[in-house]
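Chemist: Right, I'll just put the structure down here and ask away after.
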Amino acid sequence: MIRHSILGLVLICLTLPVLAVEPAEMLKDPALEARARELSKEVRCLVCQNQSIDDSNAGLAKDLRVLLRERLVAGDSDAEIKEFLVERYGDFVLLKPPVKASTYVLWYGPLAVGVLGAIGVAVFLLRRRGGKAEDVAPAPLSDEEQRRIAALLDEQDRKA
Amino acid sequence: MVFWVVAGVLTFGTILLLLWPVLSAGGEDAAEREAGDEALAVYRDQLSELERDLEAGRLGEEEFEAARVEVQRRMLAASAEQGRGDGASPATIRKRRLAAAVLVIFLLPAGALLTYVGVGRPGLPDLPLAKRTDGAGTTRMAQQSQPSAQPQQPAGAAAQPGVAEMVAGLEEKLKANPEDADGWALLARSYMVTERYREAVTAYGRALAMVPDNIQLVAARGEALVLAADGMVPPAAVEDFRKVNMAQPQEPRSRYYLGLARSQAADPVGALKWWIALEADSPADAPWRALVTQRIEEVGAEAGIDVAALRAAERANRPASAAPQISRAPVPGPTEEDVKAAGEMSAEDRSAMIQSMVDRLATRLEQEPDDLDGWVRLARAYGVLGRTGEALKAHANAARLAPDDLQIQLDYARALFPPGTPESGITDEFAALVDHIRQIAPDSPDGLFYGGLVAATRGDAATAKELWGALLERMGPNAPARGMLERRIEALGG
Amino acid sequence: MSRVLYLLPLLIFAVIAGYFTIPILTKKDPRLLPSVLIDKPAPGHDLPALLQDKPGLGPEDLKGEVKLVNFFASWCGPCRAEHPILMRLAAEGAVPLVGINYKDRPEAAIGWLRELGDPFGRIGVDADGRAAIDWGVYGVPETYLVDAAGHIRHRHVGPLTGKALNDTILPMVEQLRAGKG
């Protein structure tokens, strides 16, 4: 049953989103409508979860679009509307989550991984160059190294 | 089979991809070794050149020493790289390669197979897009859950071109002659075949209005209700199946669905009680047995209940001789459910046709008030229509005409004291009727039950206890009403 | 040392793979999200009654006792699946049930309750889904546990199951009742 309903939801979400916003929903004031469109691109359709309500045909998305326009007309600011939604659905309702302590990993995690990687690469490169740079002050070979050189030369002699 | 071939090919391809670098590394290695040898030769030349330079005085002793160490170090580095840094001999390297190859060849398919056996479901049928709707899925499930041995019906009217015409013809015929119970039953079955379950429910209701005691029809309507509700067992179906179970305690379909209803109400213990008893009563070759066993295992596993222990208890509970007890005589006992089922039939039969039929019958009975059969039928019809007041009057008339007919007296009692009535609703009329019933049939379970009820409400706990105790003795050990009765006796106090 | 370094990418991969795989293996539904309204007052709405003989839902009706608020609709398949459980709760008198009929045709909802039984003590009609938005409902069925003070204490997304009921909801009901006396 659950699987079926999820499948159904997925199918709803797969339908062409071209005309998700119905003409009847649109506001007469083009400036307000433009704000509504921008804003609804940032609000997640909680049924489909990976679409904005601007793209989604799901019932809840439509309700949220209409609600959002109502509040715009009533004079709410974008931030106020977002807050209204977050109060009910949590940060998850915003496709772009806010930067705060609990989302630091989300926001800065990739950066941290990138910096770590860069440090790793730098260390690797420096080490390699460091190995070559030793010839500035060549230490004499140890006995062990002398023996191996001798063995190598011997081997070459045999092969030649 | 196709699946295994495809999976095999994919696994083989994966192994090849993984083995490629391991095996071809051998060749690369040889090339590398050669390149390494060349490098060593170059360094060697450089060394001899340095020596010549020293001899020719182009280099100072210190410069020569520094340059020589540098070249020698490079030689060492080159040779170390050739030996993969850890100085492992070619033999060990070959061994390691072999080990890696063996690991890939054996561990990969073994791991994949184990994972698949654990997680995969090779028996899962395809779910073509056309079938992917809620209705189709659950309908099929409900059909599979039918423990009856009915042959699987082909789905959809399209599969049976003849059925649609037959249905149309039947509908026509019944319009002309609506009092044909067999016709309604046949129409209902045709609706079932064409998956028009809601209409099947109505048609079965029509048939049952005329032959209310046909248990097969009651069971069939119960099943239609389940299929109409997408595999859920709605309260109306529960009532039907309880009625069937009262009349025929061994009937497997009703027991299965009554268990399913408990399971759907998140009562695994109740579900297992029904199903384990059904399983124990089912012959080994019963077509529904595998399904019942499977459901027992599923529900037991989900709820973490030890079904083996329950089965053992069930076996210990019954006489060794009577393994499949299909022959055990049914012990009819009155229950809340029974009373309820008898009192209110389906509410879906409110059609103009029945109304007019009933009205005609009522008019006729006004002129011929001594027609017992007529009153019985009228009472049932009113009951179906939910006109309880008029049903009661008809029941009273029937009871007046047949004072010694137990069934008719009981029907009257049920009409007087319908289900859900608080016990304060017991009237003197009802008490007198119960006394009468007890006189004509002192052993009637219904009489015993009602007698106890009347005594209990009048504060006569001793009599109530005596009557209900006698009833309890008459009941089978698995009668569903047992628990209810035991609770009532307990409530009477010491 | 250097060999351990070579294994590091594999290790990181294993950690990330584990992070994504474990929820799948433990059957945790990634769609389930905690409600932000937990421990906050349940939204007060004046919802009209669905049935003539059963009251609707006013802002004050959610206070007074522990109860379950269930959003349902006749067009919703999973609601059908959980309905026997609600019927059982009502029959056993385990906890009072309040129904909110979500974006439904009244006659369809009434027929639905007639067919499957009506477990609710009150039924409010949320015809346009506005009340549901204030509750943070994603889709029916959803069930909320509301305490005697009218605060939301638990949210169950999707059809109720025996497991959710026995392991979480009913123990919480007991706890809330014991806590408040």
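Chemist: I'm told A:Asp55 meets every condition in (1) in a helix (DSSP H, G or I); (2) closer than 21 Å to A:Glu33 by Cα except one. Can you identify the failing condition by its number?
Modeler: Looking at each condition in turn, A:Asp55 falls short on (1).
Chemist: If I ask for residues that are modelled with pLDDT of 85 or more and β-branched (Val, Ile, Thr), which ones from the stretch A:89-111 would you list?
Modeler: A:Val93
Chemist: Now, a different point. Return the residues of the stretch B:442-483 that are outside any helix (DSSP H, G or I) and surrounded by 17 or more Cβ atoms within 10 Å (Cβ to Cβ); say none if nothing qualifies.
Modeler: Of all residues in the stretch B:442-483, those outside any helix (DSSP H, G or I) come to B:442-444, B:458-460, B:475-480.
Selection gives B:Ser444, B:Met475, B:Asn478, B:Ala479, B:Pro480.
Chemist: I would also like to ask the following. Does the stretch B:453-463 contain at least one residue that is free of Cβ contacts under 8 Å to residues at least 24 places away in the same chain and on the phi > 0 side of the Ramachandran plot?
Modeler: yes
Chemist: What single numbered condition from (1) part of a helix (DSSP H, G or I); (2) over 24 Å from C:Gln175 (Cβ atoms); (3) more than 13 Å from every other protein chain (Cβ to nearest Cβ) fails to hold for C:Asp53?
Modeler: With (1) part of a helix (DSSP H, G or I); (2) over 24 Å from C:Gln175 (Cβ atoms); (3) more than 13 Å from every other protein chain (Cβ to nearest Cβ) applied to C:Asp53, the lone miss is (1).
Chemist: On to the next question. Taking the stretch A:72-83, which residues are surrounded by 17 or more Cβ atoms within 10 Å (Cβ to Cβ) and either in contact with a helix residue (DSSP H, G or I) (Cβ under 7 Å, 6 or more places away or on another chain) or outside any helix (DSSP H, G or I) (or both)?
Modeler: In the first step, residues of the stretch A:72-83 are kept if they are surrounded by 17 or more Cβ atoms within 10 Å (Cβ to Cβ); the result is A:72, A:81-82.
A:Leu72, A:Ile81, listed by residue number.
Chemist: Filter the stretch B:393-450 down to residues that are of a type in the set (D, E, K, R), farther than 27 Å from B:Pro369 by Cα and within 37 Å of the chain's Cα centre (by Cα), then give me how many there are.
Modeler: Of the stretch B:393-450, the ones of a type in the set (D, E, K, R) are B:393, B:400, B:404-405, B:411, B:414, B:423, B:428-429, B:435, B:438, B:443, B:446.
Still in the running and farther than 27 Å from B:Pro369 by Cα: B:423, B:443, B:446.
Adding the requirement that they be within 37 Å of the chain's Cα centre (by Cα) leaves B:423, B:446.
Count: 2.
Chemist: I'd like to verify a number: residues in the stretch A:22-56 that are more than 21 Å from A:Arg88 (Cα to Cα) and within 14 Å of chain C (Cβ to nearest Cβ), how many?
Modeler: 1
Chemist: Within the set of pairs 6+ apart or on separate chains, which have a first residue in the stretch B:50-61 that is within 18 Å of B:Gln72 (Cβ to Cβ), a second that is in a helix (DSSP H, G or I), and C-beta atoms under 6 Å apart?
Modeler: Pairs that qualify, where the first residue is within 18 Å of B:Gln72 (Cβ to Cβ) and the partner is in a helix (DSSP H, G or I), are B:Leu50/B:Phe64; B:Leu50/B:Ala67; B:Leu50/B:Arg68; B:Leu54/B:Phe64; B:Leu59/B:Asp53.
Chemist: Restricting attention to helices (runs of 4 or more DSSP H) lying wholly within the stretch B:232-295, give those where 3 or more residues are under 25 Å from B:Tyr197 (Cα atoms) and within 12 Å of another protein chain (Cβ to nearest Cβ). Walk me through it before giving the result.
Modeler: Details: elements: B:235-247, B:252-264, B:268-281.
Counting at least 3 such residues, we get B:235-247, B:252-264.
Chemist: Being within 11 Å of chain B (Cβ to nearest Cβ), within 22 Å of C:Met172 (Cα to Cα) and buried (at least 21 other Cβ atoms within 10 Å of the Cβ) is the filter here; which residues of the stretch C:89-118 pass it?
Modeler: Residue satisfying the conditions is C:Leu89 alone.
Chemist: If you don't mind, another one. Which of (1) at pLDDT below 85; (2) more than 41 Å from the chain's Cα centre (by Cα); (3) not hydroxyl-bearing (Ser, Thr, Tyr) is the odd one out, the single condition B:Ile489 does not satisfy?
Modeler: (2)
Let's see how each residue does on (1) among the β-branched types (Val, Ile, Thr); (2) touching a residue at least 24 places away in the same chain (Cβ under 8 Å):
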position	(1), (2)
B:Gln250	no, yes
B:Leu260	no, yes
B:Gln264	no, yes
B:Val269	yes, yes
B:Leu272	no, yes
B:Ile276	yes, yes
B:Ala280	no, yes
B:Ala284	no, no
B:Pro287	no, yes
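Chemist: Look at the stretch C:126-157 and say how many of its residues are within 14 Å of chain B (Cβ to nearest Cβ) and touching a Ser or Thr at 6+ places or on another chain (Cβ under 8 Å).
Modeler: 1
Chemist: Related question: Quick one: how many residues across the stretch A:142-160 are modelled with pLDDT under 75 and in contact with a Leu (Cβ under 8 Å, 6 or more places away or on another chain)?
Modeler: 1
The values are calculated or read from the model by the stated rules, or taken from the named source; none is laboratory data. These numbers come from a predicted model, not from an experiment. Don't worry about glycine lacking a Cβ; one is built from the backbone with ideal geometry, like all the others, and counts go over all protein chains shown.
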